[in-house]
Every structure is written in structure tokens, then in C-alpha cells.
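Notes follow once the structure below has been shown.
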Amino acid sequence: MNQFVQIPNLKLHDGQHIPALGFGTYSLNGHAGVEVMQRALGHGYRMLDSAFNYENEGAVGQAIRLSKLERDELFITSKLPGRHHHYEKAVVTIEESLYRAQLNYFDLYLIHWPNPKQGLYVEAWQALIDAQKKGQIKSIGVSNFLPEHLEVLKKETGVMPVINQIELHPYFNQAEQRAYHQQHGILTMAWSPLGRARDVFQEPVLQQIAEQLGKSVAQIILKWQIQLGVIPIPKATSGQNQLANKAIFQFELSDEQMQQINALTRSNGRLKNQDPAVYEEF
């Protein structure tokens, strides 16, 4: 597997570019986490996806420094936690995120969850808009927002996110949400792109397609997402899996295979039953 396979870029509606495949950093902390991220950067990944609540923005910054890559070659994402949606708190949290990572700017910053009961996500969004104006963030987006929340952002601020990072895997393919995104020029990013790996890897439909193409089930799932126009951000600790996940740009799924995978979705497919209409993130 060639580590020099280039990950293509996609264009965001604000004119910035983003890699079509990212690298998830959830639970990659401390020295061991830095080593895994360094490995990923060495294997050609350029997007690292972090969050204030992952408590690893410092590790992300360290991996960047050790990589010796130029800052403009990288695409670094972080996210605002639920307890910091008040405008003033959000402003300070973005600054704190940058200090932790020892970066001058983030390429993308997201509101992690809408927390609708708290009802402060418009304030938080205004803080992101202002941080973008200050040059602290290049692109601003959200995570886990439903169309109803996105409509409120549009009505209250006139600014739509470039990205909505949502739960998306073969058992929950988010067709309606993706259609809404497409209508509004929002790119869809998938967290937990491989679902509960053990469950979904046993899916006969996916095993059969993998066998037909001589690929792994993980590669089939990631390729399905890429062909849907979704940006997956899988996490892989081993170099072998990092390279395998990146090798998905060298084959195609047929329309029939895409339809077979699309048919696996379930109305109750959320992994942890985290419904953004009611879920409140810390």
C-alpha cells in the first residue's frame, strides 16, 4: 500500500479547501497519542480532528511540531463544548484551544452539539463568526445539528456552517440530513464512520462486497462514504490500518453496491441513542 497516495481536497462554500479524508483523534492523549498522530501524518494524512472535550489539543499541537510539516499543509479541527455556549465563555474557549495546541489559528472550529434545551447555540455561533473575523479560525461549522437548528442559525445570523459533522455509518446513513446539507452547500463529515466496528464488520452484505473487490470491510464502508460525498474521519492506531484506510481512492463501488449498502440503514441506528433534538453534551 502506497503511503504516497494523495488524499484529494474538497472545496468548502467559503472558498477554503479540506481533505476528503481526515484522521480522528478521540482518546489519543499524551505521549502515546502523539505517536499515533505522528504516524498518521507520516502516512500522508493532513487533517486531524480534535475537540476541547477530548483533552488532547496539546497532543495534536505536539504531533504537528514533531512532524516538521508546514502549517499550511495541515488542516486542524477542534470543537466547542456544550458547557461553553455562552458568548463570553465561547470566545475564551476558542483562545484556550489555540493556546493548548500552540497554534495561531484553526482551519475549522465546530460547535460540538447544539444542546437545544440550554438554547445558547446561536450565541456560540456568533462567537465562532467573530473568531473567524479575528483570524483565529479559517472556517466555521457545527456538529450534530439537525436541520431545525441550522435553520435557526440562518435566520438569526445569516451565516450557514461549511460543515456539519454527524453520526453516519451503514446502519444510520442520514439520507434526509445529507439532502438538506446538499441543498444548502454544507459538506457532511462522518464521526464514528465505521459504526460499532464489531457489529458492522459482521454484516454479510458488506462482507460479500469486500470479498468481490478484494478489500476489507472497513475500506468498503469508507469508500461508500466518500462516494456519497461524505468526509469520513476514521481513527486507526496501527500504521497498517492507517494506510489501508487511505487506500480507498484506488477503487470504486458500483451503483448496485452503493444501493446495497444504502439499504442497511435503520431508523433507530444511532449507536448510543444520542439524538441531537434532546441530547445535552457536557
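Here are some notes:
- The phi torsions of the range 138-145, fed into the Karplus equation with coefficients 6.51, -1.76 and 1.60 and a -60° offset, translate into couplings of 7, 10, 10, x, 9, 9, 6, 8 Hz, rounded to whole numbers, with Gly and Pro shown as x.
- If the segment from residue 31 to residue 278 were pulled out straight at 0.36 nm per residue, it would be longer than the present Cα-Cα gap by 85.3 nm.
- Cut-off 10 Å between beta-carbons: net charge of the residues surrounding residue 114, Lys and Arg +1, Asp and Glu -1: -2
- Here the gap between residue 17 and residue 155, fully extended at 0.36 nm per residue and compared with their Cα-Cα distance, gives a gain of 47.1 nm.
- Karplus-based coupling profile of the range 39-50, in residue order and whole Hz: 4, 4, 5, x, 8, x, 6, 10, 10, 10, 10, 10, with θ = phi - 60° in 6.51 cos²θ - 1.76 cosθ + 1.60 and x standing for Gly or Pro.
- Think of it as helices only: each DSSP H run of n ≥ 4 in the chain is worth -39500 (n - 2.57), and spread over all residues that comes to -12000 deg cm²/dmol at 222 nm.
- Residues with amide H under 5 Å from that of residue 172, placed H, sequence gap 5 or more: 266
- Each residue of the range 148-157 is assigned a 3J(HN,Hα), and the resulting list reads 5, 6, 5, 4, 5, 4, 5, 5, 7, 10 Hz, derived from the Karplus form 6.51 cos²θ - 1.76 cosθ + 1.60 (θ = phi - 60°), x at Gly and Pro.
- Across the chain, the mean sequence separation of Cα contacts (distance under 8 Å, 6 or more residues apart), normalised by length, yields a relative contact order of 20 percent.
- Computed from label points 7 Å out along Cα-Cβ, the spacing between residue 211 and residue 266 is 2.3 nm.
- Under-5 Å amide H pairs with residue 75, H placed in peptide plane, nonlocal only: 47, 48
- Residues whose placed amide H lies under 5 Å from that of residue 138, excluding near-sequence neighbours: 106, 107, 108
- Nearest-20 debye value, the range 44-94 charge dipole, Cβ charges on Lys, Arg, Asp, Glu: 60 debye
- Binning all Cα-Cα separations of the range 102-201 at 10 Å, short to long from zero, yields these whole-percent fractions: 15, 44, 30, 10, 1.
- Here the alpha carbons of the range 179-269 define both size measures, Rg and Dmax, at 13.1, 38 Å.
- Reachable lysines, given that their alpha-carbon falls under 17 Å from the alpha-carbon of residue 246 and they are not under 8 places away in the same chain: 215, 223, 235
- Among 149, 13, the order by Cβ neighbours within 10 angstrom, fewest to most, reads 13, 149.
- Partners for residue 154 among lysines (Cα-Cα distance below 25 Å; same-chain residues under 8 apart left out): 11, 79, 89, 117, 133, 134, 138
Since every read-out is calculated from the coordinates, none of them should be taken as a lab result. Only a predicted model underlies this, so the values are computations on that prediction, with no experimental measurement involved. Glycine gets a Cβ as well: all are built from the backbone with ideal geometry, and neighbour counts include every protein chain shown.
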